[in-house]
1. Looking only at residues that are facing chain B (nearest Cβ under 10 Å) and open to solvent by 40 Å² or more (accessible area, probe 1.4 Å) in region A:299-325, which one is nearest to A:Glu279 (Cα to Cα)?
2. Confirm whether A:Glu346 is at pLDDT 95 or above, acidic (Asp, Glu) and surrounded by fewer than 24 Cβ atoms within 10 Å (Cβ to Cβ).
3. Can you tell me how many residues in region A:294-337 are within 24 Å of B:Gln343 (Cβ to Cβ) and not acidic (Asp, Glu)?
4. Might you let me know whether region B:112-120 holds any residue that is under 21 Å from B:Met169 (Cβ atoms), of a type in the set (Gly, Ala, Ser) and open to solvent by 30 Å² or more (accessible area, probe 1.4 Å)?
5. Select from region A:71-93 the residues that are away from every other protein chain (no Cβ under 13 Å), surrounded by fewer than 18 Cβ atoms within 10 Å (Cβ to Cβ) and in contact (Cβ under 8 Å) with a residue 12 or more places away in the chain and list them in ascending order.
6. Could we say that A:Thr43 is at pLDDT 90 or above, facing chain B (nearest Cβ under 7 Å), open to solvent by less than 50 Å² (accessible area, probe 1.4 Å) and more than 24 Å from A:Glu185 (Cβ to Cβ) here?
7. Based on this model, can you work out whether A:Ser97 counts as touching a helix residue (DSSP H, G or I) at 6+ places or on another chain (Cβ under 9 Å), under 29 Å from A:Glu64 (Cα atoms) and of a type in the set (S, T, N, Q)?
8. If you go through region B:47-70, how many residues are within 12 Å of another protein chain (Cβ to nearest Cβ) and within 23 Å of A:Ile5 (Cα to Cα)?
There are 2 protein chains.
Amino acid sequence: MSPYIVILSTGSELTAGRSLDTNSGWIANQLFELGWKVKKFITLPDDPKLILSELQSLQTLAKERPVLAIMTGGLGPTEDDYTLETVLTLTGKTSYSVEKAKLRLTKIYEARGKEYKDILPNVFRQTFVPEGCKTLDNSVGIAVGFIESLGDHSYLVCMPGVPSEMTEMFKRRLVPELKKFYPRENLVQKTKWLWNIGESLFQNDFIEPNRIEFFSEAEWGVTANRGYIKCIFQSTNEPLLSTIIQRLEETYPKIISDDVFQFVHERLLKDKLTISVAESCTGGLLGKKLTEQPGSSSYFIGGFLTYSNEMKSSLLGIPMEWITTHGAVSEQVAKAMVEGLCQKTETDFGISITGIAGPEGGSPQKPVGTVCIGLREPNGNVSVHRYIFPGNRESIRENASNTALFLVYQSFKH
Amino acid sequence: MSPYIVILSTGSELTAGRSLDTNSGWIANQLFELGWKVKKFITLPDDPKLILSELQSLQTLAKERPVLAIMTGGLGPTEDDYTLETVLTLTGKTSYSVEKAKLRLTKIYEARGKEYKDILPNVFRQTFVPEGCKTLDNSVGIAVGFIESLGDHSYLVCMPGVPSEMTEMFKRRLVPELKKFYPRENLVQKTKWLWNIGESLFQNDFIEPNRIEFFSEAEWGVTANRGYIKCIFQSTNEPLLSTIIQRLEETYPKIISDDVFQFVHERLLKDKLTISVAESCTGGLLGKKLTEQPGSSSYFIGGFLTYSNEMKSSLLGIPMEWITTHGAVSEQVAKAMVEGLCQKTETDFGISITGIAGPEGGSPQKPVGTVCIGLREPNGNVSVHRYIFPGNRESIRENASNTALFLVYQSFKH
């Protein structure tokens, strides 16, 4: 029995377009991995009337079918936080302060050298929940979450809108409850990445021919990213899932990968290898990506941002006439960049990127999006790869740095 | 007369959490600048039943008050694009192919060496709109947008979900129509940035004391970012708006700025100045930010990613014992980094960043978030600035590189 799932987020900063709601998508993604599909997202301003009217509609709907409403936001200490008040109006209940949360708040105040009596009423209000509901502990912040009944097999979940508090509460406290409310078979999920291929081509070449054989018993989904698509497969039938992945690997042997960012990070650490970069059109984006994970200082040494031709020449020792002859965006210069880089840094891996990110600077021979990537592997091999990436300046730069990491991934695999 | 505004986005990739809906927030932000507030965002999967039922609710609501529903998505060429079909069901109308769009599509095909008859029916479908509605030309892609009546002073706007197509259509085609539908006085908007100050402190120190004097006739809004908050003021009374900005400048003389990214870009171009960077904990993020705008090659020369101490020493000429004595994250090393940098690059501006992005590596003297930024100005002045930035690794790195740009801004101002 699957509930009709609605995700409700509140916040005037959201409906004014000043903040982006990342909570709803995150929750939907988590629910998808648990095997549930969301029917609707709703975002409302901090307006108790609008929120109440929406909750009343959900209550009415719950008379016809099981409804699961997951709401974030409005549990904070400021005057525009209306969630608890609205839920009390909806249910006609009173509220009480959760002892555990009260103690936690007191301890936080004591640690700051303040006393219980110093706690502002608004701050204290965050420890309150409606009587008789299931509470959801907040291990990151103060506001307590709760689950209120909306009718038969129907629930309203209220959680704070602060992402770090919400995600922790969702994973640790809410998921076990949801599994009790709506029991279902264990769903297995596998994810693979495919590089430089469009979503529609993938659907045409892989999903359609295998629809009957695979996808009556398995679900699939695709997320498009810069440079790659992420293919997600789900089923309760694990052997079937393995067959799908095997077929996928046979169909796309050259462009398939696992999570490249995670894989490269782990292998560089494990194999105690080092890496450095020489970036032109990406201006530092590849270095930024290589240093996103804690611990990256074990393998990432640093590198050169050689945006101007003069820097390519003076820092990496490429003769200016070489650049003039072949052009700054050329296989020859990419190769010279990575060779000059590794002479200076002596790292195991070296990557160079030079390209035309646009919107200006393209030509018929080298249109905007042309990018040359040089790779130096631990065995001393140097290779150069030329691409034409689609999209605007941002998209081309993202594509180039993601693809550079894919080249490192491939070097580990082959 | 203000309409009840709802923004509706469709796409199963959104409700599955595989893609983030950036369209709704963008539209809400544009509407806010025009002086309209949005009452609700709704996101639905590509399910014609759910979409129709939502549109019917809006049609019912339009009997009570003016409703403006702006819908994105579902106008593409694939089988899960249901917007046109649903609107036809809702209104009982038929559709026709827009001549101009048909011609445009034919030309695109001809440019690819294909003929009119090669156009797939699904692709061709994108040129169709309901009879008798106002069409919205698409100057970026193929799918035509349209405005359908929902009742008295009530409208349903349908636009493609591809952001580049939607934003262009919104600004060029839709806004003039909206201004005709709902005429209103000219609203003026001013935006200022405040650095290293929280939203609640700003509200407490600036909004509350000036509430009576300013904010009965003006609206305000705040967006929190990494390192700064963006304060937006709106009013039809332009002199009042100037008074507010003046008071803001008097209250926060040291931390106020305009759009730093735009300002620094324009001034570096105009004054023909150059800049280079030496980054440690940001790993390339500052270079990436400095090369986001087309034309940045006029001022950004490049720089060094000196993530390891060995690189700080070998590339920037900082003695290792200097690093060992003071620590890699210290005012002394930040100063030596920027001096070493500018000796090599000879640029007018130089920036160095060294810090502890965490989660490991903090100490009581230098907690996670400690960042030292060195600045070399065109007159040869070198200064070092020490901060403790809040948040996680990503937040600290964003804060550090944004603040570095603020230092360049301040150098131009003083």
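1. The residue in question is A:Asn309.
2. Working: at pLDDT 95 or above: yes; acidic (Asp, Glu): yes; surrounded by fewer than 24 Cβ atoms within 10 Å (Cβ to Cβ): yes.
Considered against the rule, which asks whether it is at pLDDT 95 or above, acidic (Asp, Glu) and surrounded by fewer than 24 Cβ atoms within 10 Å (Cβ to Cβ), A:Glu346 comes out as yes.
3. Qualifying residue count, region A:294-337: 21.
4. The answer is no; no qualifying residue exists.
5. Residues satisfying the conditions are A:Glu85, A:Leu88, A:Thr89, A:Lys93.
6. Judged against the criteria, A:Thr43 is a match.
7. no
8. 7
The values are calculated or read from the model by the stated rules, or taken from the named source; none is laboratory data. Just so we're clear, the structure is a prediction, and the values are computed from it rather than from any experiment. Cβ: placed from backbone, ideal geometry, glycine included. Neighbour counts: every protein chain shown. Only protein heavy atoms, including side chains, enter the accessible area calculation; ligands, DNA and RNA are left aside. Shrake-Rupley method; radii C 1.70, N 1.55, O 1.52, S 1.80 Å.
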